[in-house]
1. How far apart, in nm, are the 7 Å Cα→Cβ label points at Ile41 and Val11?
2. Taking amide H positions as placed in the peptide plane 1.01 Å from N, state which residues far from Lys78 in sequence (5 or more) or on other chains have amide H under 5 Å from it.
3. Which of the peptides 110-117, 14-21, 123-130 is most tightly packed, and how do the rest follow, judged by the mean count of other Cβ atoms within 10 Å per residue?
Amino acid sequence: VTTPGRRYEEVDRENIAYSGDWIFNNRNRTWSEGSAVKTNIPGSRVTFKFTGTSVSWIGCQKSSAGGKAKIFIDDVEKKQVNNKQPEPIEGYQHTIYRVDGLTDGPHTLTIEALPSGGSWLVVDAFDVHPK
């Protein structure tokens, strides 16, 4: 099943910037296009630059990938998410966060990792949706 819009994979360095400690090329699960990035270091950030009115962060929700994160749109904190799910739930390629109704133009989505207890925060992809 496909949805309208465009998917940006985590390796798209033209639109996605990472700061802090991230592990790239994780291929041990059913990630979008085969790989994802992850971190368990608080304060690590990923910033996705896009043009449009709607964006989604695609990631993972499970016990070991249950890292918390702060979500920012255009440098304004919008939400904190907790990706922890009880075993045996393992949700890959899940929409972790989606925002609609942005003004049509350039924006940034920033995710700041707040993992604890060895949990991981996963970035698989970003989807930009049409109006």
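Only the coordinates and a few stated rules stand behind these numbers; no lab work does. Just so it is clear, the structure is predicted and the values come from calculations on it, not from any experiment. When we count neighbours, we look across all protein chains shown, and the Cβ atoms used for this are built from the backbone with ideal geometry, even at glycine.
1. So the two model labels end up 2.1 nm from each other.
2. Close amide H contacts, sequence-distant or interchain: Ile71, Phe72, Ile73.
3. Details: 110-117: 18.6, 14-21: 13.4, 123-130: 20.4.
Highest to lowest by the protection proxy: 123-130, 110-117, 14-21.
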